[in-house]
Amino acid sequence: MGKRQLMLLISLMLALSVFLAACSGKDDKGDADKKDPGKDEGKTEETEGEDAAEEEELDFPLDVSNTGETIEDGTLNYALVSNTPFEGTLNPVFYSGRPDAEVMQFFDEELLATDGDYLITNEGAAKYEVSNENKTIAITIGDNVNWHDGEPVKASDLLYAYELLGHPDYKGDRYTYTIYNVEGMEAYHKGEAKEISGIEISEDDKTITINYLEASPSLMSGIWTYPVPRHYLGDVTKGEVTIDEIVESEKIRTTPIGFGPYKVEKVVPGESVQYVRNEDYWRGKPAAESVVLKVVNTSSILKELEAGSIDIAEVPADQYLNAKELTNVDLLAKIDLAYTYIGFKLGKWDEKKKENITDPDAKLADKRVRQAMWHAMDNEVIGEKMYHGLRFPATTLIIPVFASFHDADNPGRAYDPEKAKALLDEAGFKDTNGDGIREDADGNEFVLNFASMEGGEVAEPIAQHYIQNWADVGIKVQLTDGRLHEFNSFYDMVESDDPKVDIFQGAWGTGSDPDPEGLYGRTASYNYSRYTSEENDRLLKEGTSEKAFDFEYRKGIYDEWQELMVEDVPVAPTVYRYATTLVNKRVANYSIDQSSDNYYPWKWGVTQKDPVK
Amino acid sequence: MLTFILRRILVMIPQLLLLSVIIFLLAKAMPGDALTGAFQGNPEANAEHMEELREKLGFNDPWYEQYGRWVTNFVQGDMGMSYVHKQKVTSLLGNRLSNTVLLSLTTMITIYLIAIPLGIIAGRWNNSWADKAIVTYNYFSIATPVFIFALIMLFIFGFYFSWFPTGRSVDITIQNGTWDYFVSKANHLVLPTLSGAIIGTAGTIQYLRNDIIDTKLKDFVKTARAKGVPEGRVYTRHILRNSLLPIAAFMGYEITLLISGSVFIESIFSYPGLGQLFIQSIQTRDFTVVSALVMISGAAVIIGTMLSDIILSIVDPRIRID
């Protein structure tokens, strides 16, 4: 007995010592900060002065505080924050995950640059001209644009990208609207034609003319302008290589080339990439001599930043509170291209007709009930308490990132439980048996099944929070199967219109095209709520019609559409989100503002050899 | 011996076949496939084209057809394409395997280097203060979750003292193949290895300790002592030989550990290995990779068992299997 107690005591002491070790770790951090206060001081003041002057609407700056001169021979350390290695398919046609896109941004880019609204401009490596009632676009590549091996970037290299994307053997997910809308693409895709009839190359191989089947403003933001180095990878159309061989090839894995500001010097698969300055870059001389990209685990990224071994990193929202405490970095944030929403199941997807069929007798067919449920949700609390202000209540289905299309005057449906109750009363959903829960208009029991995804420690509290919110106005909601669902099974249920799901919480990445047709159209299979209406069809069609090339007209249409969505509530947007980036104070000319010159990697440089610690 | 090995290999075939059917069926029973959620990375992804792709990749065929295809290719050494990595599974595994084997091998060696001396000390002088300290360490190591321990190691030795690199397998700025390169590789191995090894010793220590204590009281040891064999020789010649048997036998199984890798350590130290790949592939429903990995570790278990038997029969002549 005595022995066992001793063991217990010892193990307790050991456990305690672990905690103590952890605590002392924190103290050390404090010490380390105190060691060199002089180093940062000057810079900190700069930060504050600058921050105040920047963007008034946002709480966060978009640009770094350091405005010093960048040094010639600096090395920029960039973190790819991820718990898994990057896949390493380093080609815009074939890659699948975001990590690979982050790796590519330093050595490859699109020929056409985009502005703050993600619309193409003539500021990039190529210039464009639209003709034939917006159905034809001619892209002319600049003379000084060369691949890293010295070969000029040709129009036929851009054509090659289209030939790969449309190829019958292509197995990626980028055969999208802007690709199959090209004249002759379908025949080529089916293998009926050897060439894409709608694309022409000029004599000097510098101008490519693409003809489209239908004119759509979506092309202005979604057009594909990543060329693929035909001479380097080999030509699939001439039978030199097969697509599978290219995908397997080291030429897109460890020795890829592009025409971006940095050349890939070395790749350690899955963990790091070293780049060197491309002296021949068409915009000018890139600021840093070299860039090192490293994969860093989410649990150690803040420590790396604090130690100064990383200059730039996008930090997950759940580390924001600790990230704020770091003194040697600037915290930048902008609204992410995504929103979270609650969807209401209103019908079914018809596999044969390939369209959404709205069921007029659906459980949630009465739009007043849906409106009420939106009013009942307190999203402010979610943003404040669970995301520390990094998320905030959403109003409409076009996110504020599209500054020109997002209707800032549309308030959406704010948290207002009284209004929710009134709407439910009006819809005839009353508590007839006195148990505190509303019955439906016919007096039947009304219980909704709510599907939500697991992931992160806040997933469960958020789901419970909404369930409580709805209970407060008298609607009984329960989790489907009584639990959260794993990503794949969640989408499996939602996609197949499983009757176990009445409402669901999902999120959409919006991409750079404001057109919502792909998510809410009659023939869109991602329209998971299965909502359809004549008015919706009309607005979505108008929004991408020929007339919509007129900016004001398109804006008006999208304002109307946002209003319709707030009225009909097929889905209730819940929160918009900020993405935060931490940048060491030695980095200058860095911005996350899409419309800034400093958004482009070639400008990013460091002003001193050693990182600010 | 030869017939024994041959027989074992023959038995392996139906075992592996059965395993493959089970794996395949379970994998297919999981909701979703490699294309589910593709729109997350690419919101413009076109649903119709996704369907076309599923057809092209054969995801829509009945399971026995898919299985038949898979098995035929598998026995020819073609494990298929990873959809997520867009790469042949064989080359993908090849990349990761070397990392994992290196890390696991050093971890295993370190475990033995720590555990065998400690086990011997604890067994020989049981109930001494040294024994108590070692047993306490055992409790500690068995109770500490690896993901916490690895983080603590990382923070103390990686960040606070800055003695070792904080992640990845090598410093990319160093020229391949130079001396510095190997030093850098070794240096990058230290923290992940220690994180795995220091808390991975409990089983071996405990086995060894108990066995020594048991053997100490056996008749032949008493006889040896009665004959006047010096105490040191009693241990080296009589006790240890016997007590190390189970450890030696266990070695075969450790082969499995060698290739399965540690998800947590690989993830925390951003060390690209098989453990992480396995989890990632399950989450993304990259079935070809999952099946290949399960088959390989299945085969490793079976081979490991066989090796254990062989090692045993070599070190212990009393055990002869045929």
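The values are calculated or read from the model by the stated rules, or taken from the named source; none is laboratory data. Just so we're clear, the structure is a prediction, and the values are computed from it rather than from any experiment. Counting neighbours? That spans all protein chains shown, and the Cβs are built from the backbone with ideal geometry, glycine included. Side chains included, ligands, DNA and RNA excluded: accessible areas come from the protein's heavy atoms. Shrake-Rupley method; radii C 1.70, N 1.55, O 1.52, S 1.80 Å.
Of note:
- Delta accessible area of at least 10 Å² on complex formation, residues of segment A:273-313, 1.4 Å probe, chain isolated as reference: A:Gln274, A:Val292, A:Lys294, A:Val295, A:Asn297, A:Ser299, A:Ser300, A:Lys303, A:Glu304, A:Ala307
- Cα shape, segment A:474-613, gyration tensor, a/c 1.5 rule: oblate
- Here segment A:245-291 is described by how far its Cα atoms reach on the three principal axes: 34, 21, 10 Å, from widest to narrowest.
- Alpha-carbon gyration tensor eigenvalues x 5, square-rooted, for segment B:155-280, Å: 42, 17, 13
- Helix-derived mean residue ellipticity, 222 nm - over chain B, DSSP H n ≥ 4, -39500 (n - 2.57), to 500: -23000 deg cm²/dmol
- Between segment A:542-572 and segment A:447-526, the Cα center-to-center distance that results, in Å: 24 Å
- For the cross-link pairs A:Lys285/A:Lys585; A:Lys194/A:Lys238; A:Lys171/A:Lys294; A:Lys354/B:Lys86; A:Lys363/A:Lys476; A:Lys135/A:Lys354, the ones whose C-alpha atoms lie over 18 Å apart are A:Lys285/A:Lys585; A:Lys171/A:Lys294; A:Lys354/B:Lys86; A:Lys135/A:Lys354.
- Span-like helix ranges in chain A, DSSP H, alpha carbon extent 27 angstrom or more, Kyte mean at least 0.0: A:2-35
- When accessible surface is computed with a 1.4 Å probe, chains B and A are found to bury approximately 5200 Å² between them, both chains counted.
- Accessible surface, segment B:95-207, averaged per residue in Å² (probe 1.4 Å): 47 Å²
- Within chain B, the proportion of Cα pairs with more than 39 Å between them is 29 percent.
- With Rh defined as the Kirkwood radius, the inverse of the mean 1/r over Cα pairs, the Rg/Rh of segment B:84-191 is 1.09.
- Segment A:341-490 - Rg and Dmax from Cα coordinates, angstrom: 16.7, 50
- Segment B:49-102 and segment A:355-414: distance between their alpha carbon centers, rounded to Å: 41 Å
- For the peptide A:83-91, the mean number of other protein chain Cβ atoms found within 10 angstrom of a residue's Cβ is 6.
- q = 0.07, 0.08 Å⁻¹, chain A: log10 I(q)/I(0) [Debye, one scatterer per Cα]: -0.52, -0.68
- Of all accessible heavy-atom area on chain A, the percent that carbon and sulfur account for (1.4 Å): 49 percent
- Translational D in µm²/s for segment A:283-413 (Stokes-Einstein at 25 °C, 0.890 mPa s, Kirkwood Rh from C-alpha pairs): 127 µm²/s
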